[in-house]
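Trainee: Sharing a structure here in structure tokens format.
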Amino acid sequence: MSLNGVIMCLNRVFMSLNGVIMCLNRVFMSLNGVVMSLNRVIMSLNRVIMSLNGVIMSLNGVIMNLNRVFMSLNGVIMCLNRVIMSLNGVIMSLNGVIMSLNRVIMSLNGVITSLNGVIMCLNRVIMSLNRVYMSLNRVIISLNVVIMSLNGVIMCLNRVFMSLNSHHESQWQIIET
């Protein structure tokens, strides 16, 4: 009878322990639900993070493409800079040529000015010679007038002499007859 009481007490103890274990099991199941909920939240956050990672990778690809575009534009700008520097060199060379031509033109202008002065001096000499020629022409015209006057005088004298000669011949004929 005491053994049966002991067994019943042990049974009650085990039943109490079973109740405690069942309570603990319920607690652990509740904790398991909480952990599963947290796991779902973490998985959702992981999906969000993976989506953000995909967005970041896409943005990284866009940034890399933009970087390539900017590098290409930088290369184009460097090529244009070289072309502009080459054109600047050509323009500077042309400027030097133009300055040299300007100096040549200025030298030619000085030569032309000197020749103009020489031509003006020659023009003055020619004008002086022209005046001398005109004076000589006037002298020659005056001499020509004098010669023509002398020629008229000589012609008059010739007529006089011819008249005298004819008169003299007529007298000789009268004397001979």
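Trainee: Work out, step by step, the length gained on full extension between MET29 and ASN109: first 0.36 nm times the residue separation, then minus their alpha carbon distance; give nm to one decimal.
Mentor: The span from MET29 to ASN109 would gain 17.4 nm if fully extended.
Trainee: Between helix 2-176 and the chain, what is the angle of the helix's C-alpha long axis to the longest principal axis, kept within 0 to 90° and rounded to the nearest 10?
Mentor: Helix 2-176 sits roughly 0 degrees off the main axis of the chain.
Trainee: Here is a follow-up. Treating only the Cβ of Lys, Arg, Asp and Glu as charged (+1, +1, -1, -1), what charge dipole size does the chain show about its Cα centre? Round to the nearest 20 debye.
Mentor: 1480
Trainee: Show that you can apply the helix-only estimate: for the chain, add -39,500 (n - 2.57) for every DSSP H stretch of four or more residues, divide by all residues, and state [θ] at 222 nm to the nearest 500.
Mentor: After summing the helix terms and dividing by the residues of the chain, the value is -38500 deg cm²/dmol.
Trainee: Now a separate question. I'd like the FRET efficiency for ILE77 and MET57, computed as 1/(1 + (r/R0)^6) with the beta carbon distance as r and R0 of 35 Å, rounded to 0.05.
Mentor: 0.75
Trainee: Another one. Apply the Kirkwood formula to region 3-176: the hydrodynamic radius equals the inverse of the mean of 1/r over all pairs of different alpha-carbon atoms; give it in Å with one decimal.
Mentor: Value: 32.9 Å, from the Cα pair sum.
Trainee: Just subtract the alpha-carbon distance of ASN102 and LEU157 from 0.36 nm times their residue separation and send over the number in nm, one decimal.
Mentor: 12.0 nm is the gain from fully extending ASN102 to LEU157.
Trainee: Looking at ASN158, SER86, HIS168, which one has the Cα that reaches farthest to the positive end of the dipole of region 3-176 (charges on Cβ: Lys, Arg +1; Asp, Glu -1)?
Mentor: Of ASN158, SER86, HIS168, it is SER86.
Every read-out reported here was derived from the displayed coordinates using simple, explicitly stated rules and does not represent laboratory data. Nothing here was measured: the structure is a model prediction, and the numbers come from that model. Heads up, the Cβs are rebuilt from the backbone with ideal geometry, glycines too, and the neighbour counts pull from every protein chain shown.
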